[in-house]
Amino acid sequence: VVQLVESGGGSVQVGGSLTLTCAASGFSLGSGSMAWFRQAPGKEREGVAVIRPSAHITYYYVTVRGRFTLSHNSANNTLYLQMNSLKPEETAVYYCALDLSGRGLVAWDRISHWQYWGQGTLVTVSS
């Protein structure tokens, strides 16, 4: 059974840093992809960053590019998101997502692209 379990969320001051972890199990990634999404109160879920290890491809949402770093441990499929210089508007529940279809990433920022989701971890950025 596929399992995705996020952790590492919490409260941080503006400009601070957090690293999120997605512990993944129950699958072989192969040509699949993994991603982080976030959903702020009253807002739609949006893609933050995605990785397709077999193709050596990583994409970032434009507003986080240069501040966030996505990494993947190929031994156990653990996914990390290092977040620096956090802003109040980045307060959200952050979700780990998995796609095992082997599709490319042309539509990675659409929630319909992804087959599996974790339960989410809350990040609160305060002044």
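Net length available on complete extension from Ser127 to Thr78 is 14.5 nm, with 0.36 nm assigned per residue and the Cα-Cα distance removed. A full extension of the chain between Ala55 and Ser17 corresponds to an added length of 10.8 nm, given 0.36 nm per residue minus the alpha carbon distance.
Free of any trypsin sites (Lys or Arg not before Pro) that DSSP assigns to a loop and that have at most 15 other C-beta atoms within 10 Å, the longest stretch within the chain is 1-42.
A viscosity of 1.002 mPa s and a temperature of 20 °C, combined with the Kirkwood radius over Cα pairs in Stokes-Einstein, give a translational diffusion coefficient for the stretch 27-127 of 155 µm²/s. Think of each Lys and Arg Cβ as +1 and each Asp and Glu Cβ as -1; about the Cα centre, that makes the dipole of the chain roughly 160 debye. Averaged over its residues, the chain has an accessible area of 50 Å² per residue, based on protein heavy atoms and a 1.4 Å probe.
Across the stretch 16-57, the volume of the C-alpha convex hull divided among the residues equals 113 Å³ per residue.
The values are calculated or read from the model by the stated rules, or taken from the named source; none is laboratory data. Quantities reported herein were computed from a predicted structural model and do not represent experimental measurements. Quick reminder, even Gly has a Cβ in these numbers, built from the backbone with ideal geometry, and neighbours come from all protein chains shown. Note: areas computed on protein heavy atoms with side chains; ligands, DNA, RNA excluded. Shrake-Rupley method; radii C 1.70, N 1.55, O 1.52, S 1.80 Å.
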